[in-house]
Each structure stands twice: as C-alpha cells, then as structure tokens.
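Notes follow once the structure below has been shown.
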Amino acid sequence: MEREFKIKGLMMDPITNSPIVILQDVQKNTLLPIWVGIFEANAIALQIERIDTPRPMTHDLIKNILLHLNAQVEKIVVTELRENTFYALIYLRLNGEAMAIDSRPSDAIALALRTDSPIYVTEEVITNSRNLTLDKENLDPEDVKKWLESLNPEDLGKYKM
C-alpha cells in the first residue's frame, strides 16, 4: 500500500546542517523527513524555485533523455528504509512496457519534480520512520523545528551514496 506525498519544503537539519527534504502526504497529516546530499538538495531547490540553468543539470538531462526516448515517468515510490537509508523506485513506461528503476529518493524526487510525476511512500516506510502526524490544518514552523531537533539522524534515513 502506498500513500501519495508532496514536497512540503527543504530545510537544513539544525543539528547536523545537512539538507532535509520534508514530504507531506496529500491528506496533510503526516510529514516525513529524508536527509539528502547537498547537490541533490540543490537540484530539488532549483526546480521548486523554477530556476533555469544555462546548461542542463543531471536531472534535466535525464528528463531530456526520457523525452527523446518517448518514455514517461509514471510515479516514484520511496519503498524502503533499511539500515538508516531510504530506497526508491522510479516507475517508467517505455514502448508500452512498465519498468522499475532503483534510485536514491533524492534523485527520484528531483526527477519527479521535473516530470510532474506523483511521489508515493509505502506504508512500511511510514511505519518504520520517525514521522510527524499533524493534528491541525495549519503547520507551525516552530513545531517542525522542535520535532526535527528531537530526531537523531543516526537513527533514520541518513544520506548515503
């Protein structure tokens, strides 16, 4: 079972100064932090801010290759949290054939943003991660900051190459 998420934002971990992608489910009641590398965070930020670069960055290149091959990104799914590392799959359709490609979540998210593809997270990942369930409609940034400060990046989803 999978739940659809959107990117709520990017922030720096106040303890480790590492970038974190904050995903929020479309029902707006669960936040999921994923620690990412600085380059991947930059690629995600560029797309969120709709900043064009003079030359294609890596994820733009991948998008262009997929377009030229007439392949579509159907969705990306954060599938596992194993040994403090998140795993993801990029689901493609090429010539009518479906395929799943292993990916780091940060790269999959950067590609999903560029292809307007939905982002999903499995229930298993949600259950096994430290996430925040919101009881109110409006999210208070101070609540998120306190929650992040209470997390130990050694216990979940540290960025690994």
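The values are calculated or read from the model by the stated rules, or taken from the named source; none is laboratory data. Since the model is a prediction, treat every value here as computed from it, not as a measurement. Here the Cβ is made from the backbone with ideal geometry for all residues, glycine too, and neighbour counts use every protein chain on show.
Of the residues that make up the stretch 42-50, is at least one loosely packed, with under 15 Cβ neighbours inside 10 Å and farther than 22 Å from residue 8 by Cα?
For the stretch 42-50, residues loosely packed, with under 15 Cβ neighbours inside 10 Å and farther than 22 Å from residue 8 by Cα: absent.
When residues of the stretch 116-135 are filtered for being part of a strand (DSSP E or B) and either at pLDDT 95 or above or surrounded by fewer than 14 Cβ atoms within 10 Å (Cβ to Cβ) (or both), how many remain? Full working, then the answer.
Here is the first cut: in the stretch 116-135, the ones part of a strand (DSSP E or B) are 119-122, 132-133.
When the remaining residues are screened for being either at pLDDT 95 or above or surrounded by fewer than 14 Cβ atoms within 10 Å (Cβ to Cβ) (or both), the result is 119-122, 133.
Final tally of qualifying residues: 5.
Which residue pairs have Cβ atoms closer than 6 Å, lie 6 or more positions apart in sequence or on different chains, and pair a first residue in the stretch 51-78 that is under 14 Å from residue 113 (Cβ atoms) with a second residue that is in a loop (DSSP other than H, G, I, E, B) and modelled with pLDDT of 95 or more?
Listed pairs, sorted by first residue: 73/117; 75/117; 75/118.
Go through (1) surrounded by fewer than 21 Cβ atoms within 10 Å (Cβ to Cβ); (2) modelled with pLDDT of 95 or more; (3) within 17 Å of the chain's Cα centre (by Cα); (4) farther than 16 Å from residue 8 by Cα and name the single condition residue 77 misses.
Of the numbered conditions (1) surrounded by fewer than 21 Cβ atoms within 10 Å (Cβ to Cβ); (2) modelled with pLDDT of 95 or more; (3) within 17 Å of the chain's Cα centre (by Cα); (4) farther than 16 Å from residue 8 by Cα, the odd one out for residue 77 is (1).
Test residue 113 against the stated conditions and say whether it is part of a helix (DSSP H, G or I), at pLDDT 90 or above and either within 18 Å of residue 26 (Cβ to Cβ) or touching a helix residue (DSSP H, G or I) at 6+ places or on another chain (Cβ under 6 Å) (or both).
Working: part of a helix (DSSP H, G or I): yes; at pLDDT 90 or above: yes; either within 18 Å of residue 26 (Cβ to Cβ) or touching a helix residue (DSSP H, G or I) at 6+ places or on another chain (Cβ under 6 Å) (or both): yes.
Against the criterion (part of a helix (DSSP H, G or I), at pLDDT 90 or above and either within 18 Å of residue 26 (Cβ to Cβ) or touching a helix residue (DSSP H, G or I) at 6+ places or on another chain (Cβ under 6 Å) (or both)), residue 113 qualifies.
State all residues of the stretch 1-51 that are of a type in the set (D, E, K, R), out of contact with any Pro (no Cβ under 7 Å at 6 or more places or on another chain) and not in a loop (DSSP other than H, G, I, E, B); if no residue qualifies, say none. Can you show your working first?
The initial filter retains those residues of the stretch 1-51 that are of a type in the set (D, E, K, R), namely 2-4, 6, 8, 13, 25, 28, 40, 49-50.
Next cut, out of contact with any Pro (no Cβ under 7 Å at 6 or more places or on another chain) only: 2-3, 6, 8, 25, 28, 40, 49-50.
Correct list: 2, 3, 6, 8, 25, 40.
When the stretch 27-41 is examined, which residues are found to be surrounded by fewer than 18 Cβ atoms within 10 Å (Cβ to Cβ) and aliphatic (A, V, I, L, M)?
38
Return the only residue of 88, 100 being modelled with pLDDT of 95 or more, over 12 Å from the mean Cα position of the chain (by Cα) and part of a strand (DSSP E or B). Walk me through how you get there before you give the answer.
Numbers: 88 fails: over 12 Å from the mean Cα position of the chain (by Cα).
Criteria check complete, one pass: 100.
So how many residues does the stretch 15-39 have that are closer than 24 Å to residue 2 by Cα and either free of Cβ contacts under 8 Å to residues at least 12 places away in the same chain or of a type outside the set (A, V, I, L, M, F, W, C) (or both)?
Step one: filter the stretch 15-39 for residues closer than 24 Å to residue 2 by Cα, giving 20-36.
Remaining after also requiring either free of Cβ contacts under 8 Å to residues at least 12 places away in the same chain or of a type outside the set (A, V, I, L, M, F, W, C) (or both): 24-25, 27-30, 33.
Of the residues in that region, 7 qualify.
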